Each structure stands twice: as C-alpha cells, then as structure tokens.
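Just below is one structure, and these are the notes that go with it.
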Amino acid sequence: MSLDSETVLNHYKGQMLVEKGFRFLKDKSFRVAEVYLKSEKRIEALSMVMVLCLMVYSFTEMLLRKRLKEEDETVLNQKKKPTSTPTL
C-alpha cells in the first residue's frame with residue numbers, strides 16, 4: 001500500500017488528537033495514582049471505562065462542533081470570546 005505525502009501528514013497531525021484525549025490520564029486532578037486495583041481484570045475494566053468515557057467525550061465534542069458549523073453559530077469560550085470549536 002502506498003500513501004501520498006499529504007495523507008501521511010494528515011495522519012501524523014491526527015495523532016495529536018489522540019494524545020490530547022489521553023492527556024487527562026496524566027492530569028493530577030484525575031487522581032489515577034490513587035486507584036489501588038490489584039486484580040488484572042479490574043484494571044482492564046477500569047481502563048475500558050476510561051476509554052469509553054473518552055470516546056463519548058470526543059463524540060459529543062465532534063457533534064457540538066459540527067452543529068455549530070452547520071448553524072454558523074458560536075459559543076463563548078472560557079475567556080468569553082466566541083468560538084466555533086469549543087471543548088467540553
């Protein structure tokens with residue numbers, strides 16, 4: 001399979017979105033260090049719940065941004081400035 005340079009660049013740039021999504025795991029407010037699970041099955045279950053939460057978060061953000069674009073609308077961000085690409 002051969003990919004052109006533009007496709008490779010787009011995939012590379014898309015990697016940042018994945019990294020951004022998992023950034024919350026490193027955030028001290030998430031307190032992942034305070035989870036004291038010993039069973040491998042429970043650790044896997046917690047990881048799955050976290051990934052599912054991230055998926056719902058990302059999907060909701062995508063739907064919101066899509067709807068704002070369709071309606072040509074904006075919302076205020078944390079700095080009270082209009083944006084069409086808000087984060088949740």
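When residues of region 58-74 are filtered for being in a helix (DSSP H, G or I) and hydroxyl-bearing (Ser, Thr, Tyr), how many remain? Looking only at that region, the number is 2. Consider GLU19 carefully, then state whether it is acidic (Asp, Glu), modelled with pLDDT under 90, loosely packed, with under 11 Cβ neighbours inside 10 Å and part of a helix (DSSP H, G or I). The answer is yes for GLU19.
If we keep just the residues of region 22-43 that are loosely packed, with under 11 Cβ neighbours inside 10 Å and in a helix (DSSP H, G or I), which is modelled with the highest pLDDT? The extreme case among them is LYS41.
Of all residues in region 48-88, those being farther than 20 Å from VAL18 by Cβ, hydrophobic (A, V, I, L, M, F, W, C) and exposed (fewer than 11 other Cβ atoms within 10 Å of the Cβ) number 1.
The values are calculated or read from the model by the stated rules, or taken from the named source; none is laboratory data. Fair warning: this is a prediction, and the values are worked out from it, not measured in the lab. Virtual Cβ from ideal backbone geometry, glycine too; neighbours counted across all protein chains shown.
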